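Visitor: Before I ask anything, here is the structure I am working with.
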Amino acid sequence: MSKFLIDKYQTLEAYVPGEQPKNMQYVKLNTNESPYPPSQTVLDRVSSAEVSMLNLYPDPDCVNLRNKLAGLYGVEIDNVFVSNGSDEILSFSFMAFCSEETGAVFPNISYGFYKVYGDLYGVDYTQAPLNSDFTVNVNDYKNVNKTVIIANPNAPTGLTLSLSEIEDIVRSNPNNVVIIDEAYVDFGGESCVELTKKYGNLLVVQTYSKSRSMAGARLGFAIGSKELISDLNRIKYSTNPYNINRLTLAAGEAAIDSNDYYMANCCEIIKTREYSVKRLAELGFSCTNSKANFIFAKSDKISGRDYYLKLKSNGVLIRHFDNPLIKDYVRITVGTKEQMDRLFEETEKILAEVQS
Ligand SMILES: *Cc1c(COP(=O)(O)O)cnc(C)c1O
């Protein structure tokens with residue numbers, strides 16, 4: 001830290017992304033990316049013709065992309081906002097809808113960035129404890145008179161709230177924005193996009209990073225009332241109007257054109273998840289009922305940290321969090337069946353070692 005950093009940032013604790021190893025020796029099951037490549041249509045559309053236009057700014061209104069998303073989700077273009085990864089929407093939303101006065105509430109175990117944005121923007125936030133079975137306690141979010149942020153499915157537990165629970169939360173906070181982060185919804189969750197037509201205070205956030213194999217392109221989107229979207233645009237046009245580059249726009253449009261390919265991949269990942277949960281149970285692990293592209297698991301034979309470290313030294317990368325509330329658990333991204341079989345093979349070896 002330099003002496004020039006202004007006071008309010010000196011104690012800021014930044015978000016720590018999962019490891020992105022420079023050599024790809026690892027079976028990489030640690031940051032919830034898709035194991036499948038982008039569709040052929042995406043590969044074709046990010047063409048040298050597109051690259052040769054990089055001297056020109058992209059469309060700041062992202063009209064073509066927003067039109068395609070509006071078509072896919074059955075809303076109007078003015079109900080769609082797109083951004084440089086959904087992290088940017090979350091950042092803009094904290095800027096737009098949370099403050100010291102407005103406040104915010106989100107679960108104490110959830111996506112780690114909520115707390116970072118809360119600190120960054122000086123928000124008076126509350127972290128509501130999960131129930132002992134890691135479910136979200138809906139009552140903590142009703143009539144709170146604060147901005148509500150919930151990931152559904154939640155991370156890293158994979159557990160979901162029902163649509164009627166979400167609707168109760170939205171209805172009980174008519175004077176506050178409710179942000180539902182649906183980063184993992186395509187893996188078996190239920191989207192609340194339809195509810196945005198009924199409630200002007202609901203903002204649904206999704207990303208291309210997981211189900212659409214585009215973590216490296218950085219593209220997220222939000223769906224909500226015209227008013228909320230125009231608030232986000234005010235922040236965007238005051239920060240970085242060209243927030244989505246030309247190549248990512250082309251890729252994002254092409255991905256919607258090949259939606260069937262991605263939905264088929266999601267089905268495959270769901271199948272592999274169910275297979276993997278069964279295999280893990282046979283190995284003495286207990287898993288939450290995850291509806292995401294990851295498994296949240298705890299062994300009865302080895303600590304979360306030791307399991308993570310031993311797997312890593314054997315070439316398989318998963319995620320472990322030091323937070324004492326979940327330190328017994330690991331989060332394992334669902335890869336291909338072949339990748340998961342390699343995980344089980346290494347796990348069997350590790351458990352045999354531990355028991356001898
Ligand atoms: C991965 C993730 C994001 C961020 O996704 P990007 O679009 O890659 O920025 C947001 N929320 C949750 C819950 C996530 O897991």
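The values are calculated or read from the model by the stated rules, or taken from the named source; none is laboratory data. A quick note: this is a predicted structure, and the numbers were derived from the prediction, not measured. Cβ atoms come from the backbone with ideal geometry, glycine included; neighbour counts cover every protein chain shown. Remember, those area values only see protein heavy atoms, side chains included, never the ligands or the DNA or RNA. Shrake-Rupley method; radii C 1.70, N 1.55, O 1.52, S 1.80 Å.
Visitor: So which residues in the stretch 299-320 are open to solvent by less than 50 Å² (accessible area, probe 1.4 Å) and on the phi < 0 side of the Ramachandran plot?
Guide: Listed by number, the residues that qualify are Ser299, Ile302, Gly304, Tyr307, Tyr308, Leu311, Val316, Leu317, Ile318, Arg319, His320.
Visitor: It is to be established whether one or more residues within the stretch 70-88 are open to solvent by 40 Å² or more (accessible area, probe 1.4 Å), aliphatic (A, V, I, L, M) and within 22 Å of the chain's Cα centre (by Cα).
Guide: Yes.
Visitor: State all residues of the stretch 321-354 that are within 21 Å of Glu33 (Cα to Cα) and open to solvent by 60 Å² or more (accessible area, probe 1.4 Å); if no residue qualifies, say none.
Guide: Correct list: Lys337, Glu338, Arg342.
Matching residues to (1) part of a helix (DSSP H, G or I); (2) away from the ligand (no atom under 16 Å from the Cβ):
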position	(1), (2)
Met1	no, yes
Val16	no, no
Asn55	no, yes
Leu65	yes, no
Leu72	yes, yes
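Visitor: Sticking with this one: Restricting attention to the stretch 317-356, which residues are farther than 20 Å from Ser213 by Cα, touching a residue at least 24 places away in the same chain (Cβ under 8 Å) and of a type in the set (A, V, I, L, M, F, W, C)?
Guide: Answer for the stretch 317-356, where residues must be farther than 20 Å from Ser213 by Cα, touching a residue at least 24 places away in the same chain (Cβ under 8 Å) and of a type in the set (A, V, I, L, M, F, W, C): Phe321, Leu325, Ile326, Val330, Leu343, Phe344, Ile350, Leu351, Val354.
Visitor: Additional query: Kindly check whether there is at least one residue in the stretch 282-295 that is away from the ligand (no atom under 16 Å from the Cβ), among the β-branched types (Val, Ile, Thr) and outside any strand (DSSP E or B).
Guide: The answer is no; no qualifying residue exists.
Visitor: Quick one: is Ala155 in contact with a helix residue (DSSP H, G or I) (Cβ under 7 Å, 6 or more places away or on another chain), open to solvent by less than 40 Å² (accessible area, probe 1.4 Å) and within 16 Å of the ligand (Cβ to nearest atom)?
Guide: So Ala155 does not fit the description; no.
Visitor: Out of the stretch 84-113, which residues are out of contact with any strand residue (DSSP E or B) (no Cβ under 8 Å at 6 or more places or on another chain), assigned to a helix (DSSP H, G or I) and more than 9 Å from the ligand (Cβ to nearest atom)?
Guide: Ser91, Met95, Ala96
Visitor: Restricting the first residue to the stretch 196-219 and requiring it to be open to solvent by 10 Å² or more (accessible area, probe 1.4 Å), which pairs with a second residue that is of a type in the set (Val, Ile, Thr) and assigned to a strand (DSSP E or B) meet a Cβ separation below 8 Å and a spacing of at least six or different chains?
Guide: Thr196/Val204; Thr196/Ile223; Tyr199/Val178; Asn201/Val178
Visitor: State yes or no: is Asp260 in a helix (DSSP H, G or I) and within 15 Å of the ligand (Cβ to nearest atom)?
Guide: Criteria not met by Asp260.
Visitor: Give all pairs with beta carbons closer than 9 Å in which a residue from the stretch 107-125 that is closer than 12 Å to Glu13 by Cβ meets a residue that is within 12 Å of the ligand (Cβ to nearest atom) and part of a helix (DSSP H, G or I); count only pairs at least 6 apart in sequence or on separate chains.
Guide: Partner pairs satisfying both residue conditions: Phe113/Asp87; Phe113/Leu90; Phe113/Ser91; Tyr117/Asp87; Tyr117/Leu90; Tyr117/Ser91; Tyr117/Ser93; Leu120/Ser91.
Visitor: If a residue must be outside any helix (DSSP H, G or I) and among the charged types (D, E, K, R), how many such residues does the stretch 114-126 contain?
Guide: Qualifying residue count, the stretch 114-126: 1.
Visitor: Starting from the stretch 20-32, take each residue that is in the same structural domain as Arg342 (by TED's automatic domain parsing) and list its partners that are within 16 Å of the ligand (Cβ to nearest atom) and outside any loop (DSSP other than H, G, I, E, B), counting only C-beta distances under 6 angstrom and pairs at least six apart or across chains.
Guide: Pairs that qualify, where the first residue is in the same structural domain as Arg342 (by TED's automatic domain parsing) and the partner is within 16 Å of the ligand (Cβ to nearest atom) and outside any loop (DSSP other than H, G, I, E, B), are Leu29/Ile332; Leu29/Thr333; Asn30/Arg319; Asn32/Phe294; Asn32/Thr333.
Visitor: Same structure again: Limited to the stretch 187-227, what total is found for residues that are within 22 Å of Ser258 (Cα to Cα) and not in a strand (DSSP E or B)?
Guide: 18
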